[in-house]
Amino acid sequence: ALARRGGAVVLAGWGPPERCATSSVLRVGARLADPMCAPARWRPCGRDDLETLAERAGLRPDGSGRVACPFGYADLDSAVRGLLSTGLFDAAERATDPTQVRKEMAEALHPYQRADGTVWMPNVLRYLIARA
C-alpha cells in the first residue's frame with residue numbers, strides 16, 4: 001500500500017534447504033514451538049512462492065534471482081544469541097524451557113563450527129523484484 005505506482009518492492013525468502021545451512025537450526029525452533037505442526041510451520045521458500053505472494057499483493061513480478069547470504073559468528077554463543085535475536089525462536093522459548101532451546105540450537109550449529117571456534121553457515125536466499 002505504501003509503494004508508488006511503478007515503484008519497486010523487493011521480496012526475499014529462504015532458498016532450497018540443501019543450500020541453506022541455517023535451515024537445520026530453524027527446524028529446531030519449529031519443532032520445539034509445536035512438535036505436531038513443525039513440518040508445516042517452517043519451510044524453505046518454494047520456487048514460485050515469492051511470485052504468488054507478489055501477485056496476491058497486487059504486485060507485478062519484474063525479475064528474480066538468488067544471492068549468497070552466509071551467516072558468520074565469532075563463536076557458538078554468538079551464533080545462538082544472534083539467531084535468537086531474530087525472533088524466530090520466541091515461540092519455541094515460550095513453549096519449552098529457554099535453556100533447552102539454546103542447547104538444541106547449539107547442537108544444530110555444531111556441524112558449522114570451524115576448528116578456530118567460529119561458526120560459518122552458507123545460505124542462499126531467493127529474491128523477487130516486483131512493481132506496484
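The values are calculated or read from the model by the stated rules, or taken from the named source; none is laboratory data. Quantities reported herein were computed from a predicted structural model and do not represent experimental measurements. Here the Cβ positions follow ideal geometry from the backbone for every residue, glycine too, while neighbour counts run over all protein chains shown. Heads up: the accessible areas ignore ligands, DNA and RNA and are worked out on the full protein's heavy atoms, side chains in. Shrake-Rupley method; radii C 1.70, N 1.55, O 1.52, S 1.80 Å.
Residues of the range 109-121 that are touching a strand residue (DSSP E or B) at 6+ places or on another chain (Cβ under 9 Å) and of a type in the set (A, V, I, L, M, F, W, C): L109, V119, W120, M121. The set of residues in the range 47-61 being in contact with a Lys or Arg (Cβ under 9 Å, 6 or more places away or on another chain) and open to solvent by less than 40 Å² (accessible area, probe 1.4 Å) consists of L50, A54, L59.
Is it the case that some residue within the range 119-128 is outside any strand (DSSP E or B), without any contact (Cβ under 8 Å) to a residue 60 or more places away in the chain, of a type outside the set (G, A, S) and touching a helix residue (DSSP H, G or I) at 6+ places or on another chain (Cβ under 9 Å)? No - not one qualifying residue is present in the range 119-128.
Among the residues of the range 62-93, those identified as open to solvent by 50 Å² or more (accessible area, probe 1.4 Å), in contact with a strand residue (DSSP E or B) (Cβ under 9 Å, 6 or more places away or on another chain) and farther than 19 Å from Q113 by Cβ are D62, S64, R66, V67, A68. Every residue in the range 56-111 that is modelled with pLDDT of 95 or more, aliphatic (A, V, I, L, M) and assigned to a loop (DSSP other than H, G, I, E, B), please. Result: A74, single match. Would the range 94-108 turn up any residue that is in contact with a strand residue (DSSP E or B) (Cβ under 6 Å, 6 or more places away or on another chain), open to solvent by 40 Å² or more (accessible area, probe 1.4 Å) and at negative phi? No, the conditions are met nowhere in the range 94-108. Scan the range 109-124 residue by residue and report those that are crowded, with 17+ Cβ neighbours inside 10 Å and under 27 Å from L11 (Cβ atoms). Correct list: Y112, M121, V124.
Among the residues of the range 11-32, those that are part of a strand (DSSP E or B) and surrounded by fewer than 17 Cβ atoms within 10 Å (Cβ to Cβ) comprise A12, G13. Here is a check on your reading of the model: is A3 surrounded by fewer than 16 Cβ atoms within 10 Å (Cβ to Cβ), at pLDDT below 90 and not in a helix (DSSP H, G or I)? Here the answer is yes, as A3 does meet what is asked.
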